[in-house]
Structures are given as structure tokens and as C-alpha cells.
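Working notes for the structure below.
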Amino acid sequence: MRDFLRKMLIELGFNHFIEANNAPDAFTKFKQEQPHFTFLDIELGDDNGFDVFDAILACDEDAKVTIISAHSTVDNVKKAMSLGAKGFLVKPFQPAKLLAAVRNMSA
């Protein structure tokens with residue numbers, strides 16, 4: 001999924017990416033790099049993306065995060081939005097949806 005997302009972002013004109021292999025790596029890189037916006041999957045191997053999202057918000061309450069998941073249950077979407085996510089992308093998604101998410105986080 002990260003490879004697909006990176007390729008789509010390159011097609012949209014972006015060229016700097018920070019990628020993580022797991023939840024601890026994602027949070028560490030977020031703290032170090034302070035990205036302009038973040039795409040975060042709910043499913044992170046053995047970890048839960050919502051836990052990482054909570055940690056990110058504790059570090060930066062203004063973080064611009066879009067949650068990604070193949071599991072677009074009402075509960076997941078509601079939880080993401082109630083935590084402060086700027087959007088929710090359902091896998092698989094098209095470049096137009098990704099661009100809309102980027103624009104929403106950039107606003």
C-alpha cells in the first residue's frame with residue numbers, strides 16, 4: 001500500500017516522503033520529521049493505527065492526518081473523525097480521492 005500511495009503522490013507532483021514499517025517507527029518518524037500531512041493506515045501489522053494517531057495528536061494536536069483503511073465501517077469512520085482526522089480514505093482509492101484528501105489537509 002505504501003508503494004502504491006507513494007506512486008500516486010508522485011503522479012500528483014509530490015516528491016518528499018517519510019515512510020514507516022510499523023507503529024513505533026511511524027511515531028518516531030513523525031516526531032523527528034514533523035510532516036505537513038500524514039496518511040495513516042488503521043491496520044499496522046500487530047499494531048492499531050488509532051493508537052499511533054492518539055500518540056501523534058498528543059505530540060501535535062494540530063497534526064493533519066488522513067486515515068486509510070479497507071475497513072470503512074461506520075465505527076471506524078466515526079472514530080477517525082471524532083479523534084480529529086482530516087479525512088478517511090477507503091482502500092482501494094483513486095488519485096482524485098487522494099488529491100482531495102491532500103487538498104483537505106492543506107486547507
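Values in this text are rule-based calculations from the coordinates and carry no lab data. Please read all numbers here as calculations on a predicted model, not as lab measurements. Neighbour counts run over all protein chains shown; Cβ positions are idealised from the backbone, glycine included.
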Determine the gain in length on full extension of the stretch Thr28-Asn15; use 0.36 nm per residue of separation and subtract their C-alpha separation, reporting nm with one decimal. 2.6 nm
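Determine the percent antiparallel among the DSSP beta bridges restricted to the chain, to the nearest 5. Mind dumping the intermediate values first?
On the way: 2 of 10 bridges.
Restricted to the chain, the bridges split so that about 20 percent are antiparallel.
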Comparing Asp60, Asp46, Asp25, which has the greatest mean-square fluctuation in the GNM of the chain with Cα pairs linked when under 10 Å apart? Asp46
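Per DSSP H run of n ≥ 4, the term is -39500 (n - 2.57); total these for the chain, divide by its residue number, and report the mean residue ellipticity at 222 nm rounded to 500 deg cm²/dmol. Spell out each step's value before the answer.
On the way: 5 runs with 54 residues, N = 107.
One gets -15000 deg cm²/dmol as the mean residue ellipticity at 222 nm.
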Can you list residues from other chains, or at least 5 along the same chain, whose modelled amide H is less than 5 Å from the amide H of Asp41? Ile68
Between Asp47 and Phe4, with labels modelled 7 Å along Cα→Cβ, what's the label distance in nm to one decimal, could you check? 2.2 nm
In nm², what is the average projected area of the convex hull enclosing the Cα atoms of region 1-54? 3.7 nm²
Against the empirical 2.2 N^0.38 Å scaling, what ratio does the C-alpha Rg of the chain come to? 0.98
